[in-house]
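Q: To start, I am sharing the structure in question, which I have written as structure tokens.
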2 protein chains.
Amino acid sequence: MTREEEQKVFLDQLVEHRFFIPMDSPGLFARTSKFENLIKGLEEFIVKATGEEEVTYFPPVMPRKILEKSGFMDSMPHLAGLVSCFCGNERSLLELKEQLAKGEDWSAFLSMTDLSHAPAACYPLYPTCTGTLPPGGRLVHLGTTCFRHEPSPDPTRMQSFRMRELVRIDTPDNVLKWRESWFERAIQFLQDLGLNPERVEASDPFFGRGGRVMANNQREQKLKFELVVKVYEAGPSLAVMSLNYHQDHFGKQFEIKTVDGETAHSGCMGFGLERIVLALIQRHGFSPDSWPKQVRELLSH
Amino acid sequence: MTREEEQKVFLDQLVEHRFFIPMDSPGLFARTSKFENLIKGLEEFIVKATGEEEVTYFPPVMPRKILEKSGFMDSMPHLAGLVSCFCGNERSLLELKEQLAKGEDWSAFLSMTDLSHAPAACYPLYPTCTGTLPPGGRLVHLGTTCFRHEPSPDPTRMQSFRMRELVRIDTPDNVLKWRESWFERAIQFLQDLGLNPERVEASDPFFGRGGRVMANNQREQKLKFELVVKVYEAGPSLAVMSLNYHQDHFGKQFEIKTVDGETAHSGCMGFGLERIVLALIQRHGFSPDSWPKQVRELLSH
């Protein structure tokens, strides 16, 4: 089977076994309790495995200026989701309705709002850290519903998806040491769930030709690692977790300082919740009640 | 105190007592585990009180055509959130970046996507029901993160908020009987949590002068009831639940038929999760551990 055929078979099975309900839009799925119970179990297991009980939950939308200030619109603009609205009067609504009735484009009646979607869990965090960090920096556990504009028939590439992240903000040394400390533990985390992950050097999906240079830099400096697992036979493995070092990128943009007055560095470990659950379904089958006992116990909640 | 002052005091307290973390944007808040544990408890209590264990979870975004087809853009266009994206090439990105660097409007580089936000939990459900209902119709329990474009300094009026809904789709008689059966039980549900709700006739926040006619019709035909509780001393009470009868509105638009081949009618009962939790905090205080024993037990999870 080609990768595209495998994707279609997997999606059909997810629907047939009542994990997803199709929404007639690529990368959007309604989820059943059967699927969501696995997500909840995974969230609990992340808390247990990291010891980070306090979670900060950001809404799916955030101030647009975070997207602008963080450089996301420079580097990955094609993935951004912005919130637009109708801010017209009754006369322009009449015109909008006429366009709609004719089945014609009515986007001219929309205005950009101050809001965008969160493209990753950690973006809305940085502006809340502006100023001087406490001694020892910060370690924050985040949960955010993210959005990336990349319509795809692949059920493992959703446009709306949930991410847990641990974000470490401190001196370069401490951030790197923290990331280092997770290299083996992150592998173990996935192995405990019966997955067979591999750690690979990776890069973000930067835009255009300029993006290729950024991606090469990122790989050369080993700023991004992904833990990947085989979900489809054909083609590359699926990234289900990532371990990133942002250097002083966010510290500079959002004026975050260590106690010594230096610009803070940051790093994060991301868990793709839907992707991990989908990898588990692919690995252990479509009946979670029949999964290996250890996995069921780890995911009980 | 004026209502505005009360809102400010309440929000400051929610931040001070670590329920919310401000996001520097009206109607958007990061939530702590302290707040989210109350939400989780409430969700469990809704399952217990309704007996509806199977929940369908829609993502915060949905196909834009649902917004168009359902008439939302006709009646409440000012509350709609549409998803826009950058679909340009490298040349237009350069221009976008120039505008950004100058701090100027770059909305001309955005295009409307096929997606919008869900303005209420039930919108994405209807297209999945197109066709003939099973005998006895359907009763569905939904959970959706909704978006309404209405920036406000009032912490009880969020732009991004979560709604649980029970949606009943069947003959007019059966839908009305189902709604009727909840009038007392919904009051009891809130009373069990120590709230003191009142049931009032209500209308949706329709747009403009035409909207006033629609709102009057809705009230005259008793299509919408809200359960309201006093959260602020000044001004009106806060709607925390609603009981709605849509007549054949969604059945007609999304071609949903009863077993007899008639256009299906629908109704729903909505729970505003953040609003109920905020009403509970206002009622029982900022330390959930010291809330009345019965309330703590009902919200344990």
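The values are calculated or read from the model by the stated rules, or taken from the named source; none is laboratory data. The structure presented is a predicted model; accordingly, all values stated were derived computationally and were not measured. Heads up, the Cβs are rebuilt from the backbone with ideal geometry, glycines too, and the neighbour counts pull from every protein chain shown. Areas reflect the complete protein model, heavy atoms only, side chains present, ligands, DNA and RNA absent. Shrake-Rupley method; radii C 1.70, N 1.55, O 1.52, S 1.80 Å.
Q: Return the only residue of B:Thr144, B:Thr171 being within 22 Å of B:Gly272 (Cα to Cα) and assigned by TED's automatic domain parsing to the domain that holds B:Leu238.
A: B:Thr144
Q: Can you name the condition, by its number, that B:Tyr245 falls short on among (1) under 22 Å from B:Glu184 (Cα atoms); (2) surrounded by fewer than 21 Cβ atoms within 10 Å (Cβ to Cβ); (3) touching a residue at least 12 places away in the same chain (Cβ under 8 Å)?
A: Unmet condition: (2).
Q: Shifting gears a bit: Return the residue satisfying two criteria in turn: it lies in segment A:197-218 and is open to solvent by less than 30 Å² (accessible area, probe 1.4 Å) and in a helix (DSSP H, G or I), and of such residues it is nearest to A:Asn244 (Cα to Cα).
A: A:Gln218
Q: Residues of segment A:67-94 being in a helix (DSSP H, G or I), at the interface with chain B (Cβ under 7 Å from one of its Cβ atoms) and touching a Cys at 6+ places or on another chain (Cβ under 9 Å), which ones?
A: Matches in segment A:67-94: A:Pro77, A:His78.
Q: Same structure again: Do you know which residues across segment A:118-168 are among the charged types (D, E, K, R) and open to solvent by 20 Å² or more (accessible area, probe 1.4 Å)?
A: Matches in segment A:118-168: A:Arg138, A:Arg148, A:Glu150, A:Arg157, A:Arg162, A:Arg168.
Q: Could you give me the residue pairs with C-beta distances under 6 Å whose first residue belongs to segment B:111-135 and is within 27 Å of A:Ser116 (Cβ to Cβ), whose second residue is of a type in the set (Asp, Glu) and open to solvent by less than 10 Å² (accessible area, probe 1.4 Å) wherever it lies, and which are 6+ apart or on separate chains?
A: Sorted first by the residue in segment B:111-135, then by its partner, the pairs are B:Ala121/B:Glu165; B:Cys122/B:Glu165.
Q: So, one more: I'd like to check something: does segment A:177-193 contain any residue that is in contact with a Gly (Cβ under 8 Å, 6 or more places away or on another chain) and open to solvent by 10 Å² or more (accessible area, probe 1.4 Å)?
A: yes
Q: I would also like to ask the following. Considering segment B:95-122 alone, what residues qualify as being in a helix (DSSP H, G or I) and within 11 Å of another protein chain (Cβ to nearest Cβ)?
A: B:Leu96, B:Lys97, B:Gln99, B:Leu100, B:Ala101, B:Ser107, B:Ala108, B:Phe109
Q: Does A:Ser84 satisfy the condition of being modelled with pLDDT of 95 or more, open to solvent by less than 30 Å² (accessible area, probe 1.4 Å) and farther than 26 Å from B:Met23 by Cβ?
A: Spelling it out, it is not the case that A:Ser84 is modelled with pLDDT of 95 or more, open to solvent by less than 30 Å² (accessible area, probe 1.4 Å) and farther than 26 Å from B:Met23 by Cβ.
Q: If you go through segment B:19-42 one residue at a time, how many are in a loop (DSSP other than H, G, I, E, B), touching a residue at least 12 places away in the same chain (Cβ under 8 Å) and at the interface with chain A (Cβ under 7 Å from one of its Cβ atoms)?
A: So the count comes out to 3.
Q: Does segment A:47-66 contain any residue that is closer than 20 Å to B:Ile39 by Cβ and more than 8 Å from chain B (Cβ to nearest Cβ)?
A: Checking segment A:47-66: at least one residue is closer than 20 Å to B:Ile39 by Cβ and more than 8 Å from chain B (Cβ to nearest Cβ).
Q: Could you tell me whether any residue of segment B:229-240 is open to solvent by 20 Å² or more (accessible area, probe 1.4 Å) and in contact with a Phe, Trp or Tyr (Cβ under 7 Å, 6 or more places away or on another chain)?
A: no
Q: Would it be correct to say that B:Leu14 is at negative phi and within 7 Å of chain A (Cβ to nearest Cβ)?
A: No, not satisfied.
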